[in-house]
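Engineer: Here it is, the structure, as structure tokens.
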Amino acid sequence: MSKKIVTLAGDGIGPEIMSAGLSVLKAVSKKIDFEYELEAKDFGGIAIDKHGHPKYNNAKVRPEQGLLALRKELGLYANVRPLKIYPALKKLSPIRNVENVDFLMIRELTGGIYFGQHELADDKARDVNDYSADEIRRILHFAFKSAQSRPRKLLTSVDKQNVLATSKLWRKMADEIADEYPDVRLEHQLVDSCAMLLITNPQQFDVIVTENLFGDILSDEASSLAGSLGVMPSSSHGFNGLALYEPIHGSAPDIAGKGIANPVSMILSIAMMLRESFGQEDGATMIEKAVTQTFTDGILTKDLGGTATTKEMTEAILKNCQ
Ligand code: IPM
Ligand code: MG
């Protein structure tokens with residue numbers, strides 16, 4: 001049965017990297033006999049421009065709100081951001097020792113301060129960080145299961161339990177749930193200490209799980225280890241198999257339309273989709289190997305210190321998909 005994929009190319013470099021990603025999906029799908037249907041939808045600034053009702057014209061609708069609403073309404077509570085250092089990109093990392101860095105950052109995506117009450121006045125502002133036990137439980141189970149599927153089976157739960165009530169509940173629940181996963185080793189880190197260790201000893205991490213705001217901050221920090229945001233894919237999972245796959249970077253309006261954007265984050269997001277939503281391990285591995293080979297061959301876009309265009313990089317990856 002043909003699978004249904006909705007594409008949200010969005011703004012800026014979105015359409016360019018989406019078309020690069022879809023050309024890779026098309027080529028790989030032929031090789032692995034994967035059938036799919038595409039449906040393109042407007043999203044982000046372009047959707048506001050095209051479909052924004054006049055009554056919203058004076059409202060401060062930002063494209064980010066679309067993404068947050070999509071996550072919330074689809075119930076995409078578990079965001080997975082893998083961090084892997086490609087040997088050919090090691091020299092781009094801001095830190096010297098990046099040997100054997102390979103971890104998953106799992107971020108709670110539909111709760112916490114992002115979705116709590118926000119109040120803004122001239123003399124006072126307030127953001128509420130709410131977490132229910134159910135919200136914490138489901139993301140912790142997701143993280144324990146992810147850790148269970150990896151060779152090291154180490155889970156680091158990140159909180160600020162020396163200060164925050166939400167973190168106190170989080171840590172208590174992590175300790176309780178750990179009993180159900182005896183093969184996983186659970187460690188705790190305070191978020192400030194974790195931020196430091198990501199730079200000084202990133203090798204120590206296998207799977208990291210944390211709440212929404214901490215995960216937002218730490219995942220950008222972690223991604224800098226890889227040398228460029230342009231190579232970072234992500235997946236977000238909800239109930240009933242719903243999932244969203246996206247690069248973790250923004251729309252980069254400054255380089256939009258120039259044909260120089262790095263398409264790898266989108267291409268690797270498609271690999272994650274093939275594996276995590278459709279069980280197409282062969283297709284996913286084929287894409288990941290092709291990307292690694294392309295870097296090794298020195299085909300690099302500007303953000304990676306090279307001169308390859310989006311098209312050249314995509315063609316090289318396509319050639320290496322075999
Ligand atoms: C991310 C982004 C979003 C977030 C923004 C665009 C709202 O930074 O996916 O990490 O803060 O979650
Ligand atoms: Mg972010």
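Engineer: Take segment 138-156 and flag every residue that is part of a helix (DSSP H, G or I), in contact with a helix residue (DSSP H, G or I) (Cβ under 7 Å, 6 or more places away or on another chain) and open to solvent by 30 Å² or more (accessible area, probe 1.4 Å).
Structural biologist: Correct list: HIS141 only.
Engineer: For segment 195-220, how many residues meet the condition of being open to solvent by 40 Å² or more (accessible area, probe 1.4 Å) and within 14 Å of ILE106 (Cα to Cα)?
Structural biologist: Matching residues across segment 195-220 total 4.
Engineer: For segment 204-225, give me the residue count where each residue is closer than 17 Å to SER93 by Cα, within 15 Å of ligand 1 (Cβ to nearest atom) and in contact with a strand residue (DSSP E or B) (Cβ under 8 Å, 6 or more places away or on another chain).
Structural biologist: 4
Engineer: Okay, next question. Can you find, within segment 210-235, the residue that is nearest to ligand 2 (Cβ to nearest atom) among those that are over 20 Å from MET313 (Cβ atoms) and small (Gly, Ala, Ser)? Walk me through it before giving the result.
Structural biologist: Keep residues of segment 210-235 that are over 20 Å from MET313 (Cβ atoms), which gives 210-222, 224-225, 235.
Still in the list and also small (Gly, Ala, Ser): 215, 219, 222, 224, 235.
Numbers: GLY215: 8, SER219: 6, ALA222: 11, SER224: 12, SER235: 15 Å.
Filtering first and then ranking leaves SER219.
Engineer: So for segment 31-42 (the condition being modelled with pLDDT under 95, surrounded by 14 or more Cβ atoms within 10 Å (Cβ to Cβ) and assigned to a helix (DSSP H, G or I)), does at least one residue qualify?
Structural biologist: no
Engineer: If ASN100 passes every condition in (1) within 16 Å of ligand 1 (Cβ to nearest atom); (2) farther than 15 Å from GLU211 by Cα; (3) not in a helix (DSSP H, G or I) but one, which one does it miss?
Structural biologist: Only one criterion is unmet by ASN100, namely (1).
Engineer: List every residue pair whose Cβ atoms lie under 9 Å apart, where the two residues are 6 or more positions apart in sequence or sit on different chains, the first residue falls within segment 230-257 and is free of Cβ contacts under 8 Å to residues at least 60 places away in the same chain and within 12 Å of ligand 1 (Cβ to nearest atom), and the second residue, located anywhere, is of a type in the set (Lys, Arg) and open to solvent by 30 Å² or more (accessible area, probe 1.4 Å).
Structural biologist: Final answer for the pair search is none.
Engineer: Within segment 167-176, how many residues are surrounded by fewer than 19 Cβ atoms within 10 Å (Cβ to Cβ) and not basic (Lys, Arg)?
Structural biologist: 4
Engineer: Among the numbered criteria (1) away from ligand 1 (no atom under 15 Å from the Cβ); (2) of a type in the set (A, V, I, L, M, F, W, C); (3) in contact with a Gly (Cβ under 8 Å, 6 or more places away or on another chain), which single criterion is violated by LEU197?
Structural biologist: The single condition LEU197 does not satisfy is (3).
Engineer: I'd like to check something: does segment 236-244 contain any residue that is within 16 Å of ligand 2 (Cβ to nearest atom), in contact with a Leu (Cβ under 6 Å, 6 or more places away or on another chain) and modelled with pLDDT under 95?
Structural biologist: Quick first cut of segment 236-244, residues within 16 Å of ligand 2 (Cβ to nearest atom) only: 236, 244.
Restricting the remaining residues to those that are in contact with a Leu (Cβ under 6 Å, 6 or more places away or on another chain) gives 236, 244.
Within this subset, residues satisfying the condition of being modelled with pLDDT under 95 are none.
No, the conditions are met nowhere in segment 236-244.
Engineer: Then there's this: Condition test on GLY75, is it more than 16 Å from ligand 2 (Cβ to nearest atom) and touching a Gly at 6+ places or on another chain (Cβ under 6 Å)?
Structural biologist: Yes; evaluated as a whole, the condition is true for this residue.
Engineer: Within segment 104-137, can you find the residues that are surrounded by fewer than 17 Cβ atoms within 10 Å (Cβ to Cβ) and closer than 24 Å to ARG81 by Cβ? Don't jump to the end; show me each part of the working.
Structural biologist: Quick first cut of segment 104-137, residues surrounded by fewer than 17 Cβ atoms within 10 Å (Cβ to Cβ) only: 116-128, 130, 132-134, 137.
Hits for segment 104-137 are GLY116, ASP127, ASP130, SER132, ASP134, ARG137.
The values are calculated or read from the model by the stated rules, or taken from the named source; none is laboratory data. On a predicted model such as this, the values are computed, not experimentally measured, just so you know. Neighbour counts run over all protein chains shown; Cβ positions are idealised from the backbone, glycine included. The protein model used for the area step is the full one, side chains on, heavy atoms only, and it has no ligands, DNA or RNA in it. Shrake-Rupley method; radii C 1.70, N 1.55, O 1.52, S 1.80 Å.
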